[in-house]
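Computed from the coordinates by the stated procedures, all read-outs in this text should not be read as laboratory data. Quantities reported herein were computed from a predicted structural model and do not represent experimental measurements. Here the Cβ positions follow ideal geometry from the backbone for every residue, glycine too, while neighbour counts run over all protein chains shown.
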Amino acid sequence: MAGTPLDDVSRLAYLQAMDIDVWVQRTPQVKPGLRQEVAAPQSSLADQWTTLQEQVASCEQCELCATRTQTVFGSGNQQADWMFIGEAPGQSEDEQGLPFVGRAGQLLTEMIRALGFAREQVYIANVLKCRPPGNRDPKADEVTACRAYLQQQIDLVQPKMILAVGRIAAQNLLQSQEPLAKLRGKIHQWGEKPVIVIYHPAYLLRSPLEKRKAWQDLQFALKAFRDK
Ligand code: SF4
């Protein structure tokens, strides 16, 4: 599902929605990311997605299966160049079965649009497919149990750029204990895929002064994508 990158007017509107002053945008017209001609998915690929989604929906490989309302598989363009990976579903996600909904989800959508895309043009998933009770941090054994599903999603999407959304997602993806401040602004790797760490929108809602750094991270990701 390819689409057209947003025009300048739309992008500026989204930057303003992120509380980013419009003069901050200094990059020239960028048309990153989308494969212009996307072939229709082969049936075998569609079958693999269906099988994986069914496996996740019935998964009982960690204790989170006992407390979830439903699994949150992921959503978006299954052939996206950009893949956003958060930590785990929260309450709204658990209720709706979709990643990044609610206020934080809206801000993530604005961040994606600030990059020049509609949300439907990227793929969004989480490290964990089930909500940890009370939104506690994921446990190591839960991440290990769920990791193969994320790996298969990445293998199927074949993104050209992975954005780790927030400290917890970044630390689990990169198997690092470094704080976010040390992880951002660098190109990391998941296998052969470049990974860039960005602030979690929930954190940005609590700390709006950090939105400028968040925009810097998005600019960094765009540049890394263009320079590949
Ligand atoms: S979090 Fe992952 S491993 Fe645990 S039950 Fe849910 S889908 Fe299975």
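How large is the direction-averaged shadow of the alpha-carbon convex hull of the range 48-93, in nm²?
On the way: hull surface 15.8 nm².
Mean orientational projected area (the range 48-93, Cα hull): 4.0 nm².
The alpha carbon centroids of the range 142-219 and the range 40-74 are separated by 22 Å. Computed over the range 46-227, the Cα gyration tensor eigenvalues convert (square root of 5λ each) into semi-axes of 24, 18, 16 Å, ordered from largest to smallest. Subtracting the Cα-Cα distance of LYS228 and LYS182 from 0.36 nm times their residue separation leaves 14.3 nm of extension gain. When the Cα gyration tensor is reduced to axis lengths a ≥ b ≥ c, the ratio a/c is 1.5 or higher for the range 136-187, and with a/b not above b/c it is classed as oblate.
Can you put LEU108, LEU209 in order of Cβ neighbours within 10 angstrom, beginning with the fewest?
Numbers: LEU108 26, LEU209 8.
Exposure proxy ranking, most exposed first: LEU209, LEU108.
Suppose R0 equals 41 Å. What FRET efficiency, 1/(1 + (r/R0)^6) with r the Cβ-Cβ distance, do LEU209 and SER43 give to the nearest 0.05?
Working: r = 49 Å, r/R0 = 1.20.
Between LEU209 and SER43 the formula returns 0.25.
Taking the beta-carbon count within 10 Å as an exposure proxy, list TRP190, TRP82 from fewest neighbours to most.
Numbers: TRP190 17, TRP82 26.
Ordered from fewest to most neighbouring Cβ atoms within 10 Å, TRP190, TRP82 come out as TRP190, TRP82.
Given the pairs LYS193/LYS213; LYS139/LYS211; LYS182/LYS211; LYS160/LYS228; LYS182/LYS213, which span a C-alpha to C-alpha distance of over 20 angstrom in this model?
Details: LYS193/LYS213 23 Å; LYS139/LYS211 29 Å; LYS182/LYS211 17 Å; LYS160/LYS228 9 Å; LYS182/LYS213 13 Å.
Too far apart for the 20 Å limit: LYS193/LYS213; LYS139/LYS211.
As a proxy for reagent exposure, PHE220, PHE117 were ordered by neighbouring Cβ count within 10 angstrom, fewest first; the result is PHE220, PHE117.
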